[in-house]
Each structure stands twice: as C-alpha cells, then as structure tokens.
1. How high is the FRET efficiency from A363 to R416, r the C-beta distance, R0 35 Å, rounded to 0.05?
2. Which one, Q263, P203, P180, projects farthest toward the positive side of the charge dipole computed for segment 175-311 from Cβ point charges (K/R +1, D/E -1)?
3. Just to check I understand the Karplus step: with θ = phi - 60° and J = 6.51 cos²θ - 1.76 cosθ + 1.60, what whole-Hz values come out for segment 137-148, glycine and proline as x?
4. Using all Cα-Cα distances in the chain, what percent lands in each 10 angstrom bin from 0 up to the longest?
5. Hey, any idea what % of the chain's accessible area is carbon plus sulfur with a 1.4 Å probe?
6. Non-local amide H neighbours of A70 (under 5 Å, H modeled in plane, Pro and chain starts lacking H): which ones?
7. With charges set only on the Cβ (+1 for Lys and Arg, -1 for Asp and Glu), what does the dipole of segment 237-280 come to about its Cα centre, in debye to the nearest 20?
8. Please list the non-local residues whose amide H lies under 5 Å from the amide H of N379, H modeled 1.01 Å from N, same-chain partners needing a gap of 5 or more.
Amino acid sequence: MYKMFLTRRALFSGAVGALVAGPGLGWPALAAAQESDRLRIGMATPPTTLDPHFQSNAPNNAIAMHLFDALVTNDESARPTPCLATSWRSLDDTHWEFILRQGVTYSDGAPFLPDDVMASVERVNSLQSPASYRTYTRTIKSITAPDPGRIVIETKAPDPLLPIAMGRIRIISARHKDSPTATYNAGRAVIGTGPYLLKEFVPGSHLLLARNEGYWGPKPVWKEALIRMISDDGARTAGLLSGDLDIIEEVPFEAVERVAKDQRFHIIRGLSSRIVYFAFDHAREVTPFATDPDGKPLPRNPMKDLRVRQALSMAINRKAIVAQVMSGNAEVATQYLPKGAPGTSPNLEPIPYDPERAKKLLAEAGYPNGFRLVIHGPNDRYINDSKVVQAVAQMLTRIGVQTKVEVMPWSVYSARSNNNEFSLNLMSWGVNTGETSNPLIALNSTYDKDRGTGSSNGGRYSNPALDKTLQVATQTMNDEIRNRLLAEACEMVFNDCAIMPLYHEVVQLAARKSIDYRTRNDQYTLAAGIRKS
C-alpha cells in the first residue's frame with residue numbers, strides 16, 4: 001500500500017511542499033530493509049510535483065517516466081519509439097493515426113482505452129500550470145476513436161512533429177482527469193501504466209517504487225527502486241562510497257578521480273542534449289535587479305537593448321568556464337544543439353570573448369560607467385550551477401557591470417523563475433525531441449497561452465519575424481525544408497541575443513561495477529534502464 005507521512009503544513013494545493021517521514025522511515029530502517037533486488041539511486045535534483053502534467057522539467061519528467069507511459073517514447077538518443085502506441089502514420093497533412101497497444105492495464109487494474117488519451121490531452125490544455133506541456137499539444141484540434149484499437153488526431157495545421165510531441169504527454173486514467181495537482185502529489189491519483197508503482201513518497205527525501213508486475217513491457221530487473229533526493233554533491237558521493245547508494249547522478253568533477261580509482265565503482269559518461277544559458281528580462285520597462293552605479297533605479301531596462309545583451313555575452317569567457325568550472329566536461333554552445341543536428345545553423349559561431357568590445361557596446365548603449373546587477377541561479381539543479389553563476393558575475397564585473405549573486409535551492413528558484421521575477425538568471429533546456437523546434441517554440445516564441453507558444457519564455461522575448469518563420473517551419477512536412485527554416489530561426493534567436501548560451505552539459509554518473517546504465521540525451525536516470533552487469 002502507498003504510504004505517506006505528512007506534517008500539518010504539508011497539506012498543500014500546488015507543488016510539493018514539506019513533508020517528513022514518520023516512525024520507521026529513517027535511513028537506518030531503510031538500510032536495514034535493503035535487499036539485492038532493491039536499487040538505490042542518488043538523484044541530484046528533487047522533483048517539484050508528481051503530477052505528470054503540471055510542470056515540465058527534467059526531474060519531474062524523469063520520475064513521471066517510471067510511473068506513466070506516453071503513446072510514443074524517446075530512446076536514449078531521443079529517437080521516437082513505440083510505447084502505448086505500437087505504430088503511427090500520417091493519413092494526410094492534418095490527420096495522424098495511432099494504433100493503440102492492446103492488453104495494457106493501469107496499476108489499479110483498469111484497462112487502457114482511447115478515452116484516456118483524450119482525457120490526458122484535455123487535462124494538459126486546461127491545467128493552469130507553470131512551464132506548461134501545452135507547447136506539445138498546441139496544434140491538436142480533435143481526437144477521435146474509430147474503434148477501441150486506434151485513435152486519429154486532427155491538427156489545426158500540418159504538424160510533422162506530432163508523434164515526437166506526443167512522446168512528452170504522459171497518459172493518465174480518464175477517471176483522474178479532474179484530479180487536482182494536490183491529489184497527485186498525495187499519491188492518490190498516481191495510477192499509471194509504467195514499469196513501476198508508487199509505494200512511498202517523502203518530498204525532499206525519497207521515493208520508493210515497486211516493480212509493476214502487470215507491466216505490459218519487459219519487466220524491470222529491480223523489484224524495488226529507492227530514489228533518494230540528495231542535492232549536495234559531497235553527500236551524494238559519500239553515499240555511493242559508503243555503500244548506501246548503487247548509482248548517483250551528477251558526479252562532482254573533483255570527485256571523479258577518487259571514484260574512478262576505487263575498484264568497486266566506475267564512471268559512466270555520455271552526451272547530453274541540455275543547453276545551459278542565461279535568460280534576459282525582455283518584458284519589463286524597468287527591471288528589478290539592475291540599478292545605476294550608485295544603486296538608484298534605472299529609468300529603463302538595459303536588457304531590452306541589443307547592445308547591452310551583446311556586451312554581457314561578450315564578457316563571458318565560455319572556454320574558461322568549460323575548462324575550469326566544468327573541468328572540460330562540457331562543450332561551448334552556439335545554439336540549442338551542436339552544429340549538424342536537425343534544425344541547426346552552420347553559420348552560428350561561438351560568441352567571442354572580448355571584454356574591451358563589451359565595454360564599448362555598454363558606452364554606446366548609454367552606460368559608460370556600467371550599472372549594478374544582481375544575477376540569480378539555483379545551487380542544486382545543474383552541474384556546478386552556483387559556481388557557474390559566480391564565475392559569470394566576476395566576468396561581468398570586469399566590464400563595469402558590478403554584479404552580485406543570489407543562489408537558492410531549486411524548489412524555491414523554480415517557482416520564482418516561473419513567476420518571471422529575475423533580470424538575468426541561469427536556466428537550461430533539455431532538447432529532448434532531437435531537433436530545434438521544441439526549444440525555439442517553448443523558449444523564444446511570443447508567449448501565447450491559447451496557442452501554447454512561449455510556455456517557458458520567462459523573459460517574454462518577442463519577435464514577430466521569428467514567430468512567422470516558426471509557424472511556417474512547424475507546418476512544413478518536408479524534413480529538408482523544415483530544418484532549413486528552423487536553422488534560420490536559430491540565427492534570428494542567437495544573433496538577437498534572445499538568450500545568452502553558455503555550454504552543453506555532459507552526462508556523468510557513478511555506479512557500482514556490478515551495475516551498468518546507458519546514458520540518455522535527456523539526462524534522465526531511469527531505474528528500468530539500469531542493468532546488473
């Protein structure tokens with residue numbers, strides 16, 4: 001039976017709040033219960049919700065994939081593969097047919113039906129949420145079920161990427177369509193078709209998952225998966241070295257050599273589709289965290305001036321950040337995916353490190369003496385995130401922008417970021433579709449709740465020419481033409497400094513030598529994919 005232990009304050013209505021373990025759930029008790037078929041994972045960033053439709057970010061999506069399925073799933077290389085749909089095809093430019101997998105049941109024994117797909121999409125479109133999943137359902141006009149074994153999705157316009165988009169929508173039971181996020185966070189609506197069942201959840205502490213013995217696909221190796229949420233790099237590494245954990249995410253670079261030399265463990269590395277960047281406040285006429293050199297309010301938002309954005313970007317020595325802060329375990333980013341990937345431009349080059357040119361641009365923009373700035377970031381979400389923010393602050397200060405840093409836990413930071421509270425803040429995006437329309441639409445399209453564009457465009461960047469190019473690109477069925485248009489869109493975004501790209505992350509885990517894992521482009525650590533070697 002699912003167990004949860006709540007303090008009185010933990011009766012919340014939105015994102016996951018503070019809960020505490022009751023008697024018998026301390027770590028000694030959990031350790032005592034350890035068995036050879038229990039996998040213990042050290043997760044670097046805790047999820048903010050168990051609602052699979054509430055807030056799209058990597059920790060939430062990774063946990064959701066243990067419990068829920070989608071029609072289509074991405075493999076380790078972000079290639080779409082069958083899941084609850086065994087196949088799909090376009091019937092014409094605006095109709096897609098999906099053949100549904102038969103014999104699938106939910107964790108409560110109810111059968112998977114076409115109504116569940118319809119209910120899931122309807123819920124995504126109606127749910128009031130930050131970082132909405134509507135970016136993936138924005139083109140859907142209707143869903144019909146000609147028979148129990150298939151559905152037909154009609155789109156408002158041609159959408160060649162719909163199957164990829166449907167891979168981001170977790171399918172829930174239609175009976176829980178109207179369940180609020182709080183009911184999911186309490187575990188009562190976490191009824192899925194995934195490889196694991198929710199057994200126990202203490203937010204900020206751990207999840208205990210049990211293998212779904214009725215799962216339609218290959219059974220996971222592990223009978224149980226204990227996912228411990230350990231944001232502190234040192235504590236996570238210590239947990240592995242002491243034998244309390246079997247595999248950990250985001251091995252700190254300073255610990256890699258020590259772990260690799262220990263005969264009990266090995267380092268697991270792989271490429272990532274995640275770009276780390278700084279987001280600008282494009283929206284406000286006066287931005288809250290920029291003042292003149294004397295601390296007085298500025299009459300206008302400097303981030304709205306292209307010359308200022310260029311200056312800040314040229315002040316960043318990206319190669320030094322990669323080499324010194326990231327210990328070489330990253331790649332300087334010029335656009336959302338490395339050059340050569342679908343929808344990337346061959347013309348975008350790394351932004352030069354040129355502090356003298358940056359100072360001249362500031363002067364041209366009316367800031368010959370610079371200004372004061374507070375920049376923000378998380379301290380437990382991305383690899384070395386707080387160190388990156390500190391390094392960038394030092395570089396900005398050298399060009400006359402007197403920069404201070406405020407970092408905070410992801411649980412606090414994500415809510416403030418979703419509320420668009422910052423002037424310049426560290427963010428990232430995992431390009432899980434394997435092409436660039438996904439980040440371009442989510443991060444750079446003009447925010448439009450009804451159209452589902454700009455859902456994660458916190459800075460509220462807006463460029464009508466970009467919107468028009470993306471609209472044409474995403475309705476173009478020809479891959480070559482579509483990718484060429486997306487490349488043009490990338491050039492618009494990065495030449496206009498819509499965001500300030502830094503680098504692409506590398507996936508780095510550590511594990512006992514008796515287990516192995518094939519890393520994923522999306523950086524998710526999935527218990528069902530961890531094998532005994």
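The values are calculated or read from the model by the stated rules, or taken from the named source; none is laboratory data. None of these values were measured; they are calculated from a predicted model. Backbone-built Cβ (ideal geometry, glycine too); neighbour counts: all protein chains shown. Please note that ligands, DNA and RNA were not included when accessible areas were found on the heavy atoms of the full protein model with its side chains. Shrake-Rupley method; radii C 1.70, N 1.55, O 1.52, S 1.80 Å.
1. After rounding, the FRET efficiency stands at 0.60.
2. Farthest towards the positive pole: P180.
3. 10, 4, 8, 6, 9, 7, 10, 10, 10, x, 7, x
4. Taking every Cα pair in the chain, the percentages come to 4, 18, 28, 27, 17, 6, 1.
5. C and S atoms contribute 51 percent here.
6. Long-range HN contacts for A70: L84, I171.
7. Details: 5 positive and 7 negative charges, 35 e Å.
Dipole size: approximately 160 debye.
8. Those qualifying (amide H under 5 Å, at least 5 residues apart or on another chain) are M408, W410.
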